[in-house]
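Step one of this worksheet: look at the structure below.
Just so you know, all these numbers are worked out from the coordinates, no wet-lab data involved. The structure presented is a predicted model; accordingly, all values stated were derived computationally and were not measured. Counting neighbours? That spans all protein chains shown, and the Cβs are built from the backbone with ideal geometry, glycine included.
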Amino acid sequence: MLIRVDWRDTYPKLGLRNRFVGDGYPACWDLPSRAFLRKGARYSYIGLDPRGKMQPDHARITDHPLMVLDESSSRLFELLCGGRGTGATCDNMRGEVTLMENIACSGNECDVETVRTVQVNRAGKKPVYFEYIRVPCVEFAFVDDDQARPASNKFYQRNQCLD
């Protein structure tokens, strides 16, 4: 059986013990600003291909959003690469990195709210990519405050009234 995530039914479902699936998780729009730089943020090494594994792309998406980290000033680059500077060869990379503290943004990291894939340039080698794994969160189908929220389908950039 083929399960297509982009065809999923977005309305609430009751799970075990008469609780809705997602109960207890934060709302996605309530995540802190630049959560990708906060303690607990996880990054998974995905190799030479910038397409993520945890958030599959739709076949029509050809431009994979990624951020190129500044090797001279980015603390995130230092943690993912295992070194810093334009001569860093990143020989000490790990398969998964979890931030143990909040880190300051640097360069283009300060211009965005979140990232999906980050590019780590290695001296004398092809760049490699890490995927940011966002904490689990929920998008509500119905809300109490009569406000428009981003639609849950990631392939349409529009807002919808959810109450």
> Where Lys and Arg each count +1 and Asp and Glu each count -1, what net charge lies around residue 77 among other residues with Cβ under 9 Å from its Cβ?
Replying inline: -1
> Mind checking the alpha-carbon convex hull of the range 61-133 and giving the volume per residue in Å³?
Replying inline: 103
>> If I take R0 = 41 Å and measure r between the Cβ atoms of residue 101 and residue 126 in this structure, what FRET efficiency does the formula 1/(1 + (r/R0)^6) give, to the nearest 0.05?
In response: 0.85
> Hey, can you rank 33-44, 89-100 by average C-beta count inside 10 Å, highest first?
Replying inline: 33-44, 89-100
> Among residues other than residue 43 whose Cβ falls under 10 Å from its Cβ, what is the net charge (Lys/Arg +1, Asp/Glu -1)?
Replying inline: 0
> Quick one: length gained pulling residue 2 to residue 119 fully straight, 0.36 nm per residue minus the C-alpha distance?
Replying inline: 39.0 nm
> Using 1/(1 + (r/R0)^6) with R0 = 41 angstrom and r between the beta carbons of residue 28 and residue 72, what's the FRET efficiency to the nearest 0.05?
Replying inline: 0.80
>> Could you check the spin-label model distance between residue 139 and residue 49? Points 7 Å from the Cα along Cα→Cβ, value in nm.
In response: 2.5
>> Net charge around residue 97, counting only other residues with Cβ within less than 14 Å of its Cβ (Lys, Arg = +1; Asp, Glu = -1)?
In response: +1
